[in-house]
Amino acid sequence: MAAPEEQELSQAQTEKLLQFQDLTGLESMDQCRRTLEQHNWNIEAAVQDRLNEQEGVPSVFNPPPSRPLQVNTADHRVYSYIVSRTQPSGLLGWSYYLIMLPFRFTYYTLLDIFRFALSFIRPDPRGRVTDPVGDVVSFIHNFEEKYGRSHPVFYQGTYSQALNDAKRELRFLLVYLHGDDHQDTDEFCRNTLCTEEVLTFINTRMLFWACSTSKPEGYRVSQALRENVYPFLAVIVLKDRKMTVVGRLEGLIQPEDLINQLNFILEANQPFLTSERLEREERNQTQVLRQQQDEAYLESLRADQEKERRKRAEQEQRRQEEELARQSVLAEERRRRTLEEEKERKSECLPPEPPLDDPDAVKIVFKLPNDSRVERRFLFTQSLTVIHDFLFSLKETPEKFQIVMNYPRRILPCLPTEDQPNPPTLKEAGLSRSEVLFVQDLTDD
């Protein structure tokens with residue numbers, strides 16, 4: 001049988017789906033949708049539920065409709081204090097009670113029958129929580145309009161948020177469920193809840209969350225805490241790593257009695273908060289110690305990495321210097337070899353030395369930079385380039401040099417230039433039959 005098609009999402013639901021996926025990091029879009037549907041598309045509750053699951057702590061938010069809120073109400077050690085209504089006294093009191101009894105019985109019976117029949121026609125609208133924060137804010141506004149602003153500080157958020165803050169801050173949470181139609185509600189609010197001593201006690205000792213059971217959010221909490229009598233107060237605290245109901249106060253209670261009962265519940269359960277606080281401090285210290293160890297390790301690792309980096313850099317620098325020196329040696333060797341080959345080539349290309357009795361012969365004595373002397377004969381008709389090539393072919397001659405005459409002192413133009421591409425002959429240069437020429441070293445220049 002084919003699986004039923006999923007209902008198409010509205011634009012608001014699609015935005016919540018994408019926001020939930022972004023906040024939780026879940027990759028499966030189907031899982032994100034199932035989680036939001038389980039929480040009636042309450043993204044706040046769904047995100048907190050997901051975070052609690054990751055921490056291994058039961059959720060305090062709205063779970064699937066098949067199970068109540070994750071607040072431990074099954075602890076048999078819960079302190080319960082129920083105030084019974086004052087019994088009538090005297091003949092007049094009993095007479096009034098007996099006269100009104102059948103009317104009250106008939107009224108409440110007909111009211112229950114009407115509500116039961118109405119549930120078949122129109123489901124209870126309180127069953128769907130669509131705006132939990134709005135429900136709480138609306139209740140606070142109505143409360144202040146009716147009873148004034150002198151009251152304990154209401155937690156302006158959802159029940160789930162109040163639970164989460166109480167858990168995070170390790171504080172007691174006092175929950176008040178307001179029954180609009182109950183006969184003792186007005187008296188409790190005016191003469192007990194709003195008295196100076198009660199509001200001072202509550203404001204200094206715990207968080208205070210309240211909502212009307214006529215609102216979906218209040219009705220949802222009512223289903224979870226299962227109150228029997230109004231007015232209803234519940235004290236919730238983190239116990240054994242769960243948000244647990246540790247005290248229930250039901251019925252019309254007087255200010256002094258309320259303070260005494262709350263004080264008794266707080267003192268009895270304070271050790272749980274103290275223990276949890278010590279555990280958190282120990283976990284924090286362990287975390288700080290681990291963080292310090294991690295930081296020390298990272299610092300040591302960074303120092304080792306920096307040391308290794310510097311070592312590699314020094315090795316690379318040495319390698320480059322060695323390579324540069326090697327390349328320099330090779331270049332010098334190539335240059336020297338090229339120079340020797342050029343000297344040999346020049347030597348092989350030199351014209352033969354003319355005989356001593358040749359009338360055109362010129363005897364030249366060369367004084368080299370190392371103070372040695374070289375003598376050779378040339379012809380008047382030969383270019384000064386021949387003299388330069390001869391000297392260049394000698395091993396004692398520097399790589400770069402120029403030939404200088406002393407009287408008059410001048411430099412012989414032995415190499416071609418732009419102005420004189422063909423150097424002059426010995427005769428044109430004015431040399432006599434016997435000359436002394438000086439070889440000047442230009443290598444350093």
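The values are calculated or read from the model by the stated rules, or taken from the named source; none is laboratory data. Predicted model only: the values in this text are computed from it and were never measured. With ideal geometry, Cβ positions are generated from the backbone for all residues, glycine too; neighbour counts draw on all protein chains shown. These area figures cover heavy atoms from the full protein model, side chains too; ligands, DNA and RNA do not enter into them. Shrake-Rupley method; radii C 1.70, N 1.55, O 1.52, S 1.80 Å.
When you scan the range 215-235, do you find a residue that is under 22 Å from R168 (Cα atoms) and free of Cβ contacts under 8 Å to residues at least 60 places away in the same chain, even just one? Among the residues of the range 215-235, at least one is under 22 Å from R168 (Cα atoms) and free of Cβ contacts under 8 Å to residues at least 60 places away in the same chain, which makes the answer yes. Counting just the residues of the range 226-247 that are over 36 Å from the mean Cα position of the chain (by Cα) and either charged (D, E, K, R) or not in a strand (DSSP E or B) (or both), which one comes out surrounded by the most Cβ atoms within 10 Å (Cβ to Cβ)? Restricting to residues being over 36 Å from the mean Cα position of the chain (by Cα) and either charged (D, E, K, R) or not in a strand (DSSP E or B) (or both), the top hit is P231. Could you go through the range 250-273 and let me know if any residue there is in contact with a strand residue (DSSP E or B) (Cβ under 7 Å, 6 or more places away or on another chain) and not in a helix (DSSP H, G or I). The answer is yes, given that some residue of the range 250-273 is in contact with a strand residue (DSSP E or B) (Cβ under 7 Å, 6 or more places away or on another chain) and not in a helix (DSSP H, G or I). Elements of the type helices (runs of 4 or more DSSP H) sitting completely within the range 147-214 and holding at least 1 residues that are out of contact with any Gly (no Cβ under 6 Å at 6 or more places or on another chain) and over 23 Å from Q254 (Cβ atoms): these cover 159-169.
Suppose we filter S383, S393 for residues that are in contact (Cβ under 8 Å) with a residue 24 or more places away in the chain, in contact with a helix residue (DSSP H, G or I) (Cβ under 6 Å, 6 or more places away or on another chain) and among the small types (G, A, S); which single one remains?
Values: S383 fails: in contact with a helix residue (DSSP H, G or I) (Cβ under 6 Å, 6 or more places away or on another chain).
The conditions single out S393.
Total residues in the range 264-293 satisfying the condition of being under 30 Å from L233 (Cα atoms) and either open to solvent by 60 Å² or more (accessible area, probe 1.4 Å) or among the β-branched types (V, I, T) (or both): the figure is 10.
Assess whether V329 counts as being closer than 15 Å to L391 by Cβ and either surrounded by 12 or more Cβ atoms within 10 Å (Cβ to Cβ) or within 55 Å of the chain's Cα centre (by Cα) (or both).
So V329 does not fit the description; no.
Report, by residue number, each residue of the range 156-183 that is touching a strand residue (DSSP E or B) at 6+ places or on another chain (Cβ under 7 Å) and either among the aromatic types (F, W, Y) or within 18 Å of S222 (Cα to Cα) (or both). I'd like the intermediate steps shown before the answer.
Filtering the range 156-183 for residues touching a strand residue (DSSP E or B) at 6+ places or on another chain (Cβ under 7 Å) gives 159, 162-163, 165-167, 170-178, 180.
Those that are touching a strand residue (DSSP E or B) at 6+ places or on another chain (Cβ under 7 Å) and either among the aromatic types (F, W, Y) or within 18 Å of S222 (Cα to Cα) (or both): Y159, A162, L163, F172, L173, L174, V175, Y176, L177, H178, D180.
Here Q254, Q261, Q223 are screened, and the one residue that is polar (S, T, N, Q), closer than 28 Å to G134 by Cβ and open to solvent by 10 Å² or more (accessible area, probe 1.4 Å) is Q223.
Table: residues versus (1) touching a residue at least 40 places away in the same chain (Cβ under 8 Å); (2) assigned to a strand (DSSP E or B).
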site	(1), (2)
R337	no, no
E340	no, no
P352	no, no
D358	no, no
V365	yes, yes
I403	no, yes
D419	no, no
Q440	yes, yes
T443	yes, no
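Within the range 187-221, can you find the residues that are under 18 Å from K146 (Cα atoms) and of a type in the set (S, T, Y)? Hits for the range 187-221 are T192, T195, S212, T213, S214.
Each row is one residue, and each column tells you yes or no for (1) touching a helix residue (DSSP H, G or I) at 6+ places or on another chain (Cβ under 8 Å); (2) over 24 Å from N42 (Cα atoms).
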position: G148; (1), (2): no, yes
position: Y159; (1), (2): yes, no
position: N164; (1), (2): yes, no
position: G179; (1), (2): yes, yes
position: V229; (1), (2): no, yes
